[in-house]
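Notes for the one structure printed next.
Every number here is computed from the coordinates shown, using simple stated rules; none is lab data. Because the structure is predicted, anything quoted here is derived from the model rather than measured. Reconstructed Cβ throughout: ideal geometry from the backbone, glycine too, with neighbour counts over all protein chains shown.
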Amino acid sequence: MPAKWKDCFKGIFEDSGFSPEKLFLFDQSKLRCSVMGKIGNVQCFLKIVKLSDARVQRYKKEYQVEKLFCSNAKNGNDIARVQILNDGENLEYYWLIRKFYPGNSLSSYSNQKKPLFGYDLITRRYSKKVDILKPIINNIRVFKKIQKGGPLERELPMYVLEMDDKLISGIEKGINLSLEKQLNFIITIKHDYLDGVNTCASMGDLTPANIIITKSNEVLLSDFEWFSFDNYMMDTAHLWLFLWRYPRWQKELFSAMVASNKAEDFFRVSLIRIILGWYKAPFTGDNPIHSSASRKKYFTNHIWTKYLEAAGDSFEALMKVKK
């Protein structure tokens, strides 16, 4: 552990009662780091970022979400999650402390070389353990019981429901598909989709990478940076999309969570939102890093594009899409 690093954040360690043990990341140019350590006898993970870093607001939201979950747990609505123990800030930095759980994520975390960052690749040791879905499904169901209110109710979702004409045109041109049916379907169902009775707590980014399997086989959700109150089908649709390689997992998730014609409609709208959200960067130049020719070709020929096309036609068409 570089002495310079320890000196740089010595005050934060003292203020938070944190004893550093193992350095995971130290970006000297941006002055941010991630480190394993302890508070008392509790193993935990500390993230430190400059106050000017864009991630600060997302990390602060995570701590707000933790407090929301804690207040709801008193009513028996407890989310099995990686807990946030504390946060803090000084004139330069913000820090967030998560409890550490020995184990592994359901998929590798953020492989930037892969178009979907590897979030769609379940770790081999878990690929046949479909029962892992049961506690995940239970969590999604508990989300529906989380009480609304406070500043989190005003948080915008990760995936917008409407995109401007320029973005739509870029995606249509990139994948050679008219999105008229998809957009018209969203318009017809939008009011009902966003009605308060059909919205609930949503993780917003439910992928295998954000699912932790502990050494004691506990299944926990992690990373609530994109939490919002959204349609109740969003988390189901999000995870279902990232399980595209695993039809058995998709079937299990779908049969447990999509149980009405209304849910089928909401599922379709949610899929359209998520896929368009992911296609925004490669096909509109919104993010040059993710706009490579190989990434464009990957998505053009990907099953997600088939899902997107079928979702504009009917629920039956969507269910017929195969790899």
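The simple spin-label model puts a point 7 Å past each Cα toward its Cβ; for Asp195 and Glu14 those points are separated by 5.9 nm. Each listed q (0.19 Å⁻¹) maps to a log10 I(q)/I(0) for segment 166-238 from the Debye sum over equal C-alpha point scatterers, namely -0.93. The trypsin sites (Lys or Arg not before Pro) of segment 52-93 that meet both conditions, a loop assignment by DSSP and at most 10 other Cβ atoms within 10 Å of the site Cβ, are Lys74. Among rounded, prolate and oblate, which fits segment 207-249 when a ≥ b ≥ c are the square roots of the eigenvalues of its C-alpha gyration tensor, a/c under 1.5 means rounded, and a/b larger than b/c means prolate? Verdict is oblate for segment 207-249.
Given [x] 23.6, 85; [y] 29.0, 125; [z] 20.5, 61 as candidate values of Rg and Dmax of the Cα atoms in Å, which corresponds to the one derived from the coordinates? Evaluating Rg and Dmax of the Cα atoms in Å on these atoms matches [z]. DSSP bridge analysis restricted to the chain gives an antiparallel fraction near 95%, rounded to the nearest 5.
Can you return the aspartates and glutamates within cross-link range of Lys50? Criterion is Cα-Cα under 20 Å, with same-chain partners fewer than 8 residues away left out. Cα-Cα hits under 20 Å: Asp7, Glu14, Asp15, Asp27, Glu62, Asp87, Glu89, Glu92, Asp223, Glu225. Highest GNM mean-square fluctuation, the chain, Cα pairs closer than 10 Å: which of Leu220, Leu31, Leu241? Per the Cα network of the chain with a 10 Å cutoff, Leu31 tops the list.
Shape of segment 1-110 from the C-alpha gyration tensor: prolate (a/c of 1.5 or more and a/b above b/c, with a ≥ b ≥ c the square roots of its eigenvalues). Only lysine pairs 8 or more places apart, or on different chains, with alpha-carbon atoms under 15 angstrom apart are counted in segment 128-268, and they number 6. Hey, how much of the P(r) for segment 167-323 falls beyond 26 Å, as a percent of Cα pairs? Of all Cα-Cα pairs in segment 167-323, 28 percent lie more than 26 Å apart.
Only DSSP H runs of four or more residues enter the estimate; each adds -39500 (n - 2.57), and after division by the residues of the chain the mean residue ellipticity at 222 nm equals -13000 deg cm²/dmol.
Report the equivalent ellipsoid semi-axes for segment 115-257 in whole Å, largest first, defined as the square roots of five times the eigenvalues of the gyration tensor built from alpha carbon atoms. Could you put the intermediate results ahead of the total?
Values: eigenvalues 149, 89, 39 Å².
Whole-Å semi-axes of the equivalent ellipsoid: 27, 21, 14.
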